[in-house]
Amino acid sequence: MKNDGPPIPKPRVGRRVVGGFQKFAQVVVIKSGHPAAFAIAIGTIVVWAAIGPFVGFGNTWLLIIDTFGNIITFLMIFLIRNAQNRESEAIQLKLDELIRATKEAHNSLLDIEELSEAELDKIKARFERLARNARETPGAMPSAAPFAATIPK
């Protein structure tokens, strides 16, 4: 496929590092959610517990699992959060595209995540009224036409 637009700039080092981190985070999150990862975690705990009697259940023995667990937890928080942020953004973009492509939808909802809590509460109340009206009138499709007027500019 030919690119008729301007040439695509080569990514700078920072972009490559960020892109590499995102790929790494995605792979780690996917792999850590696999049953084999859970089995490895259980196996680690079993081995650690089995070693306990041989070392007298000492402070060093306790410190090893505590430190290992804390380090893994600390790092996983950032990796999981990165994956969640990307997934959330991708879902938001897909929803935005569906709103944009649907004639009956209101394009004013495209950046709804940027609104304040009070503004979101107003919109939620409007949708709740539409749903309540739809339940009270079976077979009737509620019109959302007046909805656009309730969205703050």
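Descriptive notes on the structure:
- Sole residue being modelled with pLDDT of 90 or more, part of a helix (DSSP H, G or I) and surrounded by 10 or more Cβ atoms within 10 Å (Cβ to Cβ), chosen from ARG129, ARG100: ARG129
- Set ASP121, ASP111: member being under 23 Å from the mean Cα position of the chain (by Cα) and over 28 Å from VAL29 (Cβ atoms): ASP121
- Residues being among the aromatic types (Phe, Trp, Tyr), exposed (fewer than 10 other Cβ atoms within 10 Å of the Cβ) and not in a helix (DSSP H, G or I) - total across the stretch 30-73: 0
The values are calculated or read from the model by the stated rules, or taken from the named source; none is laboratory data. The model shown is predicted, which means the values in this text are computed figures rather than measured ones. Note that we place each Cβ from the backbone using ideal geometry, even for glycine, and neighbour counts take in every protein chain shown.
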